[in-house]
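The next block holds one structure in the form of structure tokens; read it before the comments.
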Amino acid sequence: MNEYMKNCDLAAIITALGGRQALQDLLDVGPSAISNYLARGELPQRAHAPVCEALRLRGYQVHPGSLEILGQTQLAGGTGPTTNFRSDRPAQRVLLIVGGGIAAYKALEVARRLQDHNVEVTGVMTTGAQQFITPLSLAALTASQVYTDLFSLTDEAEMGHIRLAREADLVIVAPATANLMARAANGLADDLATTILLATTAPVLMAPAMNPAMWQHPATAENVARLANRGIQFVGPTAGDMACGEDGVGRLAEPAAIVQAALNCLSADSQPDDLSGLHAIVTSGPTVEPIDSVRFIANRSSGKQGHAIASALAARGAEVTLVSGPVSLPAPANVRLVQVESATEMLAACEAALPADIAVCAAAVADWRVENASSGKLKKTGNGQPPSLTLVENPDILNSLSTHQLRPDLVIGFAAEASDLQDNARAKLARKGCDWIVANAVTRSDGSSVFNSDMNSASLITGETAIDWPMMTKAELAVRLVNHITDHMADRLQAATLRDLVSQSASNRT
Ligand code: PMT
């Protein structure tokens, strides 16, 4: 189950970070999680990298294994000396492609921080990137040659671009400019960076950075969607003041966030199998309710959010049954996909998949279906009168799972609301009988819709508390949700183990 870092001096860490709220914000958890960590004197394993990063950025020297604070360097901001710590496991290899943007200098910090996690970094720079930072800086920080030219004979002799692409465990693009993403989305191979992206079989993580209008442009949105559909992971961009003087979404994610996302992508070591042995049911996509043999009632759900959750759960070792309405997405890796059409079929598939430990209902289920759907094609009557359709209510899958005899330990619903987001979501949570609800707005301030978008912002409502997640990719939101699920299940299992021990000891006494 969940790996915890034992015996770390959590009180000292909290003080060094500037208080409990700072740790809450960093780990994106509520106050009760911090109380639990303090009570146990432990931090979950997933907290290791961000806490280590945050302490270092505050100028502390930290032992990466135990998180022991060894001292404080004079310069806060991560410029202090690094420790000599090296783990025994073989280093993993990251190819860091630096694109041409003002944020390119932050790639240097990413390169440096990755090495603190026993990751070897090889740099590749586009021509544009070299306008902002020099290959020499990146080479000095990575202690390795930096590659810039597709047609360099020496490089081709010593390290062909195919080998360069294939030997990496992960390819990171930071900053990923609009231009670089557009070329990658279209399969161009007109420089070393795009050739590597086409040739690599390793996972790819992109950290976009650009002007907010460029990020919002439909062309960029389409390119991001195409890349995401091919399995490319994204971290950021985030909102804030831009170097160009504008304000909005488009800033490169912080180096610590990029490093964390990279570690998540990299290996089982950084992606603990902390849900292994647990079964999760995820519903995703729309349901399609027939009117006749060719017409139907449906909605615009693409399945992107539900599929991302199924994928994130499987990546943490859960056995996942993904029950999906018709979507055009491929099945995520290591997931059992059950394809359905209607709400009735979705309910039957979910019930057949029970028992389960976790259920996440992200599907947009049609509330009604046509009572007597015609098996043929409805014809015009000729008298100008449209056919009358009688709608009947569909079964509520979330409510059925929440009240089922085999109720999963943790049942999570979604609420897509057009107004009064949190109030309506709380009412829905009570009505449906689930444990948590993820509230996302149907329409955003810029007029775009959550349906079929690659981005989402939401509030996770767990009883009295609500955690707000800013706009991020649906994949990132899925990982955040799964982090909360993992913490919750670890607590449940610890309590269950304790109960088992108590009842065992009671039965031993009788
Ligand atoms: O698929 P994407 O394009 O990525 O979009 C994602 C999403 C917007 C569909 C997703 O994030 C989301 O919000 N899903 C719930 C959408 C919704 O319309 O919810 P609702 O208010 O109708 O239902 C609330 C909850 O009850 C949901 O968990 C839903 O799955 C569930 N439900 C609803 C009706 C029903 N008959 N059975 C259900 O299980």
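Working ranking of peptides 250-258, 359-367, 302-310 by packing, defined as the average number of other Cβ atoms within 10 Å per residue, highest first, is 302-310, 359-367, 250-258. From a point 7 Å beyond the Cα of residue 105 in the direction of its Cβ, which residues of the range 239-261 have a backbone N at a distance under 18 Å? Label zone hits: 241-246, 251-256.
For the range 244-389, a/c is not less than 1.5, where a ≥ b ≥ c are the root eigenvalues of the C-alpha gyration tensor, and a/b does not top b/c. That puts it in the oblate class. Remark: the residue 341-residue 404 segment gains 20.5 nm on full extension, using 0.36 nm per residue and subtracting the alpha carbon distance. In this structure the amide hydrogen of residue 458, modeled in the peptide plane, comes within under 5 Å of the amide hydrogens of 469, none closer than 5 places in sequence on its chain. Here the spin labels are modelled as points 7 Å beyond Cα on the Cα-Cβ line, and at residue 63 and residue 152 they lie 4.0 nm apart.
For the chain, adding -39500 (n - 2.57) for each run of n ≥ 4 DSSP H residues and dividing by the number of residues yields -11000 deg cm²/dmol at 222 nm.
Taken over the range 4-72, the convex hull of the Cα atoms encloses 70 Å³ per residue. In sequence order, the range 201-211 has phi-based couplings of 10, 7, x, 10, 10, 10, 10, x, 8, 5, 4 Hz under the Karplus curve 6.51 cos²θ - 1.76 cosθ + 1.60, θ = phi - 60°, and Gly or Pro positions carry x. Charge dipole (Cα centre; +1 on Lys/Arg Cβ, -1 on Asp/Glu Cβ; no other charges) of the range 4-72 amounts to roughly 40 debye. From the square roots a ≥ b ≥ c of the eigenvalues of the alpha-carbon gyration tensor of the range 414-510, which class results: rounded (a/c under 1.5), prolate (a/b over b/c), or oblate? The shape class here is prolate.
Applying 1/(1 + (r/R0)^6) with r as the Cβ-Cβ distance of residue 162 and residue 130 and R0 = 25 angstrom yields a FRET efficiency of 0.65. The chymotrypsin sites (Phe, Trp or Tyr not before Pro) of the range 115-200 that DSSP puts in a loop, and whose beta carbon has at most 13 other beta carbons within 10 Å, are 151. Here the extension length gained between residue 493 and residue 273 equals 77.7 nm, from 0.36 nm per residue of separation less the Cα-Cα distance. Per the Cα gyration tensor, the range 92-268 maps to an equivalent ellipsoid with semi-axes of 23, 18, 16 Å, ordered largest to smallest. Name the shape class, rounded, prolate or oblate, that the alpha-carbon gyration tensor gives for the chain, where a ≥ b ≥ c are the square roots of its eigenvalues, rounded holds for a/c under 1.5, and otherwise prolate holds if a/b is larger than b/c and oblate otherwise. Here the chain falls in the oblate category.
Can you tell me how much longer the chain between residue 444 and residue 506 gets when fully stretched, taken as 0.36 nm per residue apart minus their C-alpha distance, in nm with one decimal? Present the calculation step by step, with values, prior to reporting the outcome.
Numbers: separation 62, 0.36 × 62 = 22.32 nm, distance 5.59 nm.
Taking residue 444 through residue 506 to full extension adds about 16.7 nm, to one decimal.
The label point for residue 392 and the one for residue 25, both projected 7 Å from the Cα toward the Cβ, are 5.4 nm apart.
Listed by chain and number, the lysines whose C-alpha is less than 29 Å from the C-alpha of residue 106, apart from same-chain residues fewer than 8 away, are 474.
Ranked from largest, the principal axis spans of the Cα set of the range 313-376 equal 44, 26, 17 Å. Distance between the C-alpha centres of the range 424-503 and the range 188-254: 26 Å, rounded to the whole angstrom. Modelled spin-label separation between residue 189 and residue 35, with each label point placed 7 Å from Cα along the Cα-to-Cβ direction: 5.8 nm. Magnitude of the charge dipole for the chain, about its Cα centre and with charges confined to Cβ atoms of Lys, Arg (+1) and Asp, Glu (-1), is about 500 debye.
Laboratory data are not the source of any read-out in this text; all were calculated from the coordinates shown. All values derive from a computational prediction rather than experimental measurement. All Cβ positions, even for glycine, are placed from backbone atoms using ideal geometry, and neighbour counts span all protein chains on display.
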